[in-house]
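Accompanying notes for the structure given below.
The values are calculated or read from the model by the stated rules, or taken from the named source; none is laboratory data. Treat the numbers as computed from the prediction; the structure is a model and nothing was measured. Every residue, glycine as well, gets a Cβ built from its backbone with ideal geometry; the counts of neighbours run over all protein chains shown. When the accessible area is computed, the model is the full protein with side chains, heavy atoms only, and any ligands, DNA or RNA have been set aside. Shrake-Rupley method; radii C 1.70, N 1.55, O 1.52, S 1.80 Å.
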Amino acid sequence: MDKFEAFHLTPVPASCVAAPLIAECYVNLECRVVDTKLVAKYNFFILEVLKAWIDPSRKQPRTIHHLGMGTFMVAGKTIKLPSKMK
């Protein structure tokens, strides 16, 4: 499946890796695999971030977070709590 076509995403060239960035994403991370020892047992890769990108035009991005087992959370309301930090 071509995920860029299926989800109407725009590929953007990365600077450190061959895989493209996604223009519609607030954040893109260019990574390389550094350890695959846990892949067979847990399907878990250890990556090193080579470069991070953000879209500075988005002042209050709504991000989605995977919580596991098919559950996701969309960030929304911002709250401000009193701080004891100086």
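Some points to look at:
- Taking the criterion of being open to solvent by 80 Å² or more (accessible area, probe 1.4 Å) and either part of a loop (DSSP other than H, G, I, E, B) or of a type in the set (A, V, I, L, M) (or both), the residues of the stretch 1-32 that qualify are Met1, Asp2, Phe7, His8, Pro13, Ala18, Leu29.
- Tally of residues being open to solvent by 100 Å² or more (accessible area, probe 1.4 Å) and under 17 Å from the mean Cα position of the chain (by Cα) across the stretch 60-82: 6
- Restricting the first member to the stretch 4-23 and to residues that are more than 12 Å from Trp53 (Cα to Cα) and at pLDDT 95 or above, and the second to residues that are of a type in the set (Asp, Glu) and not in a strand (DSSP E or B), the beta-carbon pairs closer than 7 Å and six or more apart or on different chains are Leu9/Glu24; Thr10/Glu24.
- Any pair with Cβ under 9 angstrom, 6 or more apart, that starts in the stretch 42-63 at a residue that is in contact (Cβ under 8 Å) with a residue 24 or more places away in the chain and farther than 17 Å from Pro20 by Cα and ends at one that is of a type outside the set (Ser, Thr, Tyr) and part of a loop (DSSP other than H, G, I, E, B): Pro61/Asp55; Pro61/Ala75; Thr63/Ala75
- Entry remark, the stretch 42-52: residues being farther than 21 Å from Glu24 by Cβ and loosely packed, with under 13 Cβ neighbours inside 10 Å number 6 in total.
- The one condition from (1) of a type outside the set (Ser, Thr, Tyr); (2) closer than 25 Å to Ala6 by Cβ; (3) surrounded by fewer than 11 Cβ atoms within 10 Å (Cβ to Cβ) that Asp55 does not meet is (3).
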